[in-house]
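Each remark here refers to the structure printed beneath this line.
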Amino acid sequence: MNEIINEIDDPVLMDQIEKIVPFHGYLSTGAFIGLQMLNLARELLDIKEDERIFVTCETQNCLPDPFQILRGCTIGNKGLNIVDHGKMAVTINKAAVPGETFVKGVRIVLDPGKTVKYPIFHAWYMNEAKVSHEDAIRELIKAGNDVYSWYFIDVPVPIKSKKKVAICSSCGESFVQEDEGNICKGCK
Ligand SMILES: [Zn+2]
C-alpha cells in the first residue's frame, strides 16, 4: 500500500489519505471511493473548506469514513445518514438557508457502465476476481472522475418537530415518543 501512496503526487490528496488511514485503519478501496466522491462533490457544489455538508451513504462499508474524518459528518451531528442499499453511492448537500424547504444536492454513483473500461477495478467492483486494494486503488487514481456518474437533486430539508418525552409504563425509563404509545421501543 505504501508503494501506491508514494506514487501519488497531489499534495491535497496525500494529506487527505494521511488523515483517513489512522481513522479507518488502512486505505481501503471503499474509503478511497468515498474520498473521490467527496472531492467530486466539492467541485460540483462549490463546497468551501469550512462549509458544513450533509451526506447520505447507500452503504455502511468504508464509504462513510472520509466524510466523517475530513468533513466532520457524523451520525451524532446528523451530518451522516446511512441508508444501506448495498450501493456505492452517496448524496451530498450543503446546509439549507433558513426558510428553504429544499436544498440542491448531488447524487454520485460508481457507475458499472464506466468502470468496465478499467478491467482490474471492474473485477473488484463486481467481485468477479480477487483484486488487492493496491491494484484497485491504482486504477481508481488513473480513472479519476471517469468512473462516476452524477445528477443534481433537490434534497428536502428535514422539519424539526417538538420532542415529546415520556416514561415507559413497562420499564419505567424515559424515552422519546414517536407516537402516542406509552411503551418504549425496547419493551415492545
Ligand atoms: Zn420500556
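Laboratory data are not the source of any read-out in this text; all were calculated from the coordinates shown. From a predicted model like this one, the values you see are computed outputs, not experimental measurements. Quick reminder, even Gly has a Cβ in these numbers, built from the backbone with ideal geometry, and neighbours come from all protein chains shown.
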Requested in this report: Could you work out the Rg to Rh ratio of the range 80-160, with Rh taken as the Kirkwood radius (inverse of the mean 1/r over all Cα pairs)?
Outcome: 1.11
Query raised in the report: Using alpha carbons only, how many degrees (0 to 90, rounded to 10) separate the axis of helix 29-44 from the longest principal axis of the chain?
Result: 80 degrees
Report summary line: With I153 itself left out, Lys, Arg at +1 and Asp, Glu at -1 over residues whose Cβ is under 11 Å from its Cβ give +1
Report task. Return I20, I5, I92 ranked ascending by Cβ neighbour count within 10 Å, so the fewest neighbours appear first. Result -> I5, I20, I92
Report summary line: To the nearest 20 debye, the chain has a Cα-centred charge dipole, built from +1 on Lys and Arg Cβ and -1 on Asp and Glu Cβ, of 800 debye
Report task. Do me a favour and compute the ellipsoid semi-axes for the chain from its Cα gyration tensor, root of five times each eigenvalue, largest one first, whole Å. Result -> 36, 20, 16
Query raised in the report: Got a sec? Charge dipole of the chain, +1 on Cβ for Lys and Arg, -1 for Asp and Glu; which of F54, V131, L13 is way out at the positive end?
Result: F54
Query raised in the report: Which value at 222 nm does the chain reach when only helices count, each DSSP H run of 4 or more adding -39,500 (n - 2.57), with the total divided by all residues and rounded to the nearest 500 deg cm²/dmol?
Result: -10000 deg cm²/dmol
**Report entry** Bridge type composition, the chain - antiparallel percent by DSSP, nearest 5
**Finding:** 90 percent
Query raised in the report: What length, rounded to one decimal in nm, is gained on full extension from T101 through to D154, with 0.36 nm per residue of separation minus their alpha-carbon distance?
Result: 18.1 nm
